[in-house]
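J.: A single structure is presented below for examination.
The values are calculated or read from the model by the stated rules, or taken from the named source; none is laboratory data. Predicted model only: the values in this text are computed from it and were never measured. Note: ideal-geometry Cβ built from the backbone for every residue, glycine included; neighbour counts use all protein chains shown. Surface accessibility is based on the protein's heavy atoms, side chains included, excluding ligands, DNA and RNA. Shrake-Rupley method; radii C 1.70, N 1.55, O 1.52, S 1.80 Å.
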Amino acid sequence: MRREIELLNDERFESNAGSNRAPLAQSQPDEDLLDAYSRAVITAAEKVSPSVVYIEVQQPIRSRRGNSPRAPRQAPPEVPREARGSGSGFIFTPDGFILTNSHVVHGSRRIEVTVSDGRKYEADLIGDDPDTDLAVIRINAPNLVPVKLGEAQKIRVGQLVVAIGNPYGFQYSVTAGVVSALGRSLRAQSGRLMDDVIQTDAALNPGNSGGPLVNSRGEVVGVNTAMILPAQGICFATSIDTAKFVASRLIRDGKVSRSYIGLAGQNVPLPRLIVRYYNLAVESGILIVSFEDKSPARNAGLREGDIIIGFDEQPTAGIDDLHKLLTEDRIGNKASVLVIRNTEQLRLEVVPEESRASK
């Protein structure tokens, strides 16, 4: 038996030695795959990197001096101070409009942009929208190279994507990965829910915020916005379709208008008996906790303790559902609000106003 194995091994050795093409043919597909992957990342990075910028901001902060022992009753004066921050962005028009994150430039006193060749320019804040974490700034500079904007609807889970930015102020860095999921929701700093967020495993670092997420053709499909620190490889980007809409409104109006009805609430489950009795489409609603002064909801006759279960013929199982329905086109237009008051179902009329945060 041992002799047969030795003979078999000798035959395999002679077969491989007689033909040098067999080992090469087996390893060739892996090399081709690696080269194709590398070429895709390199091509995308080289195409987009001239449009990526480094953003430095100065934001005023105020602090109070400690109480003096000689004047304990005197109010401590406010001392103006400055905080410095940084992020990334990308040029998307030849005349100097730049997309970035709202949290990078919001409330900044001074914005300075460094383009890919090292030139520095002071930028103007055109507008920012904390609800989508997007902002538009502008520089006055010659020979700018804008990116090509893609379509988020065409990307697929598993597709190669490349994130480009300026982490820690270094010249642009490139990370690659795949689209992990589509249609994610992410909570903005304003409290609203951002929809149609792209999840990717392309690594983001502090300072990458506002940089482009691009496909293998070098088309921007998202704006890098956040990473989950406790987790590894979970990063998010705002859809470029959302960014196009927000950017157009910011350029036109300097803001994104939304409607509001002026109340504070919390999500609560509905009693099972009420759900069955009224044959409701939802099993939870929004418990009204308080109102703003002279709010549309208060003027409509809503009361604290009411549970909102519908708005303008649409079911609302929670606050996020209501936020999605309070769009710009509802400003000044009468809408119905369906509520449960004690055990009674009521339908009231409310006229949403422009959100004070948008003014």
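J.: Any residue in the stretch 301-321 that is without any contact (Cβ under 8 Å) to a residue 24 or more places away in the chain, surrounded by 14 or more Cβ atoms within 10 Å (Cβ to Cβ) and not aliphatic (A, V, I, L, M)?
T.: Looking through the stretch 301-321, at least one residue is without any contact (Cβ under 8 Å) to a residue 24 or more places away in the chain, surrounded by 14 or more Cβ atoms within 10 Å (Cβ to Cβ) and not aliphatic (A, V, I, L, M).
J.: Additional query: Kindly provide the set of residues from the stretch 69-104 that are assigned to a loop (DSSP other than H, G, I, E, B) and either at pLDDT 70 or above or surrounded by 10 or more Cβ atoms within 10 Å (Cβ to Cβ) (or both), ordered by number.
T.: Of everything in the stretch 69-104, those that are assigned to a loop (DSSP other than H, G, I, E, B) and either at pLDDT 70 or above or surrounded by 10 or more Cβ atoms within 10 Å (Cβ to Cβ) (or both) turn out to be P76, F92, T93, P94, D95, G96, N101.
J.: Just a yes or no: is a residue in the stretch 116-137 part of a loop (DSSP other than H, G, I, E, B), surrounded by 13 or more Cβ atoms within 10 Å (Cβ to Cβ) and hydrophobic (A, V, I, L, M, F, W, C)?
T.: no
J.: Being at pLDDT below 95 and outside any strand (DSSP E or B): is that true of G107 here?
T.: yes
J.: A further question follows. Within the stretch 192-213, is there a residue that is more than 30 Å from G265 (Cα to Cα), open to solvent by 40 Å² or more (accessible area, probe 1.4 Å) and in contact with an Asp or Glu (Cβ under 7 Å, 6 or more places away or on another chain)?
T.: Among the residues of the stretch 192-213, not one is more than 30 Å from G265 (Cα to Cα), open to solvent by 40 Å² or more (accessible area, probe 1.4 Å) and in contact with an Asp or Glu (Cβ under 7 Å, 6 or more places away or on another chain), which makes the answer no.
J.: Counting just the residues of the stretch 25-68 that are open to solvent by 100 Å² or more (accessible area, probe 1.4 Å) and of a type in the set (D, E), which one comes out modelled with the highest pLDDT?
T.: Across the stretch 25-68, the extreme among qualifying residues is E46.
J.: A further question follows. Check Y172 against each of (1) within 21 Å of E56 (Cα to Cα); (2) out of contact with any strand residue (DSSP E or B) (no Cβ under 8 Å at 6 or more places or on another chain) and name the one condition it does not meet.
T.: (2)
J.: Out of the residues in the stretch 251-300 meeting the condition of being outside any strand (DSSP E or B) and of a type in the set (F, W, Y), tell me which one is least open to solvent (accessible area, probe 1.4 Å).
T.: Residue satisfying both the conditions and the ranking: Y278.
J.: Considering each residue of the stretch 156-185, count those that are under 30 Å from D253 (Cβ atoms), surrounded by fewer than 21 Cβ atoms within 10 Å (Cβ to Cβ) and among the aliphatic types (A, V, I, L, M), and give that number.
T.: Qualifying residue count, the stretch 156-185: 1.
J.: Among the residues of the stretch 325-359, which ones are open to solvent by 60 Å² or more (accessible area, probe 1.4 Å) and out of contact with any Lys or Arg (no Cβ under 9 Å at 6 or more places or on another chain)?
T.: Correct list: D329, N333, K334, N342, T343, E344, Q345, R347, E353, R356.
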